[in-house]
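Written below as structure tokens is the structure these notes are about.
The values are calculated or read from the model by the stated rules, or taken from the named source; none is laboratory data. Worth saying up front: this structure is predicted, and the values here are computed from it rather than measured. Note: areas computed on protein heavy atoms with side chains; ligands, DNA, RNA excluded. Shrake-Rupley method; radii C 1.70, N 1.55, O 1.52, S 1.80 Å.
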Amino acid sequence: GFMREADWYGTVCAVVTVLSLAWYTSGEYREYRGWLRMALVFAFLGLVASESRAALLQLAFGVVWIMRGRVRVDRGTLRRVVGWSIWATLVALPLFYFVDSPLLAHIWHRIDPHTALSSSSSAGYSHVYAYRLMLYLIKRKPIFGWGAGMIGYFSQLHAFRLLFAGGGQINTGHGSANLFLNEVTEAGFVGLLAMLGWMWSFCRRVKRVH
């Protein structure tokens, strides 16, 4: 199931990479270091192969979180991991260039802001159309929203497709690429506050248990 959607398995690979890096650099799992190194390598390769920009962003935030001392790490081990990563990148880039240069070029076009939308087929534009539709609906019912499932309904209406997507497809429902805009559209800012309150309560309880 994950392999059907690049962003899904890219996200899983990003999470596994961050967790493996945190556990490996903590120095508390020395008996599993071989497995953690293997997880780091394969998860990172999966992330790159997915070409998922969201997953790369998640990985960057995770590494920054670790570097800022939010996770207990052994600094010497962390420096070695960073050094290995730089070395592996310098080795992999020429290898990619000579073995499969179109793949390397496609990955670069996916990351480059100037070519990001055009390189993602119609999916990127479909997300933009969905954002326009949601902002349009939010302006008209900002407090309590339009009700559950209404984004999926409105996005199928021919009039809205003509208005926001020139008659094309609008990325809808839970795949609208922005859970928070989705929540405000369907449940209003009241629903968004309730959801954020639940998330804050959940994270607080997890941190207290930890």
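Of the helices (runs of 4 or more DSSP H) entirely within the range 19-138, those holding at least 2 residues that are at pLDDT below 75 and among the hydroxyl-bearing types (Ser, Thr, Tyr) occupy 75-111. Tally up the residues in the range 144-159 that are among the hydroxyl-bearing types (Ser, Thr, Tyr) and open to solvent by 100 Å² or more (accessible area, probe 1.4 Å), please. Within the range 144-159, residues that are among the hydroxyl-bearing types (Ser, Thr, Tyr) and open to solvent by 100 Å² or more (accessible area, probe 1.4 Å) number 1.
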